[in-house]
Amino acid sequence: MIKPLQKRVNRIFCILLVLSIFSFHSLSAQDSTLRFQSIIQSGIAVGENHNGFVLQAVNGIKKDRWFAGIGLGYDGYMNNTFPLFSDFRFDIGSKHEAFVYGSLGYNFPFKNKPDKSLGSYDHYQFSGGIYTAAGIGFEGQIFKNKNIFFTIGHSFKKLKADMWYTPCAECDAPPTDKYRFSYGRLEFKTGIRF
């Protein structure tokens with residue numbers, strides 16, 4: 001069930017990415033100013049069997065209704081990771097009170113150790129994987145050039161783990177168990193754009 005949903009999210013993100021590239025190109029000919037903006041957001045990722053804390057910081061450029069930036073975050077859903085990602089947003093409505101967003105990046109593992117629930121492995125190697133997110137948000141001004149926002153969206157992250165154990169010093173090395181973790185989840189976030 002998650003794989004068809006992830007395919008749809010990936011298609012939506014690809015469409016947003018292509019639209020962003022073409023829109024920034026076409027906007028460069030117009031007479032509007034570029035502004036540097038920062039976004040700080042936190043929230044919760046909710047999946048089938050687990051919830052996790054999410055914290056992200058994004059810095060980028062805003063031009064008219066478009067925003068493009070680079071972000072770094074902490075993702076505490078199941079296996080802790082640090083996603084590094086590109087973030088795109090497009091404001092909707094005459095007062096820019098709603099927006100759609102999409103992110104694409106890579107997860108770096110927080111630590112290279114499994115938790116106790118992974119059994120008796122004494123050797124392990126975690127490696128990162130893809131990170132995507134897409135959704136919709138609503139924002140309102142709280143101070144001049146400072147907006148608070150709320151978002152709901154879907155995000156996806158992948159990780160890989162190669163694990164093995166050594167039963168005794170004289171024994172041959174046991175085969176490596178390979179795990180591939182794919183987590184699709186809903187995200188509810190709030191933050192400030194300034």
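The values are calculated or read from the model by the stated rules, or taken from the named source; none is laboratory data. What you see is a predicted model, and the numbers here were worked out from it, not measured in a lab. Side chains included, ligands, DNA and RNA excluded: accessible areas come from the protein's heavy atoms. Shrake-Rupley method; radii C 1.70, N 1.55, O 1.52, S 1.80 Å.
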By residue number, the members of region 88-99 that are part of a strand (DSSP E or B) and open to solvent by less than 40 Å² (accessible area, probe 1.4 Å) are F88, R89, D91, A98, F99
Working carefully through the options L55, L34, find the one that is open to solvent by 70 Å² or more (accessible area, probe 1.4 Å) and at pLDDT 95 or above. L55
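Could you check region 56-87 and list, in sequence order, the residues that are in a strand (DSSP E or B) and charged (D, E, K, R)? Give the steps one after another, and end with the answer.
Of all residues in region 56-87, those in a strand (DSSP E or B) come to 56-63, 66-75, 81-87.
Matches in region 56-87: K62, K63, D75, D87.
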Open to solvent by 40 Å² or more (accessible area, probe 1.4 Å), β-branched (V, I, T) and modelled with pLDDT of 85 or more - does that describe any residue in region 138-151? yes
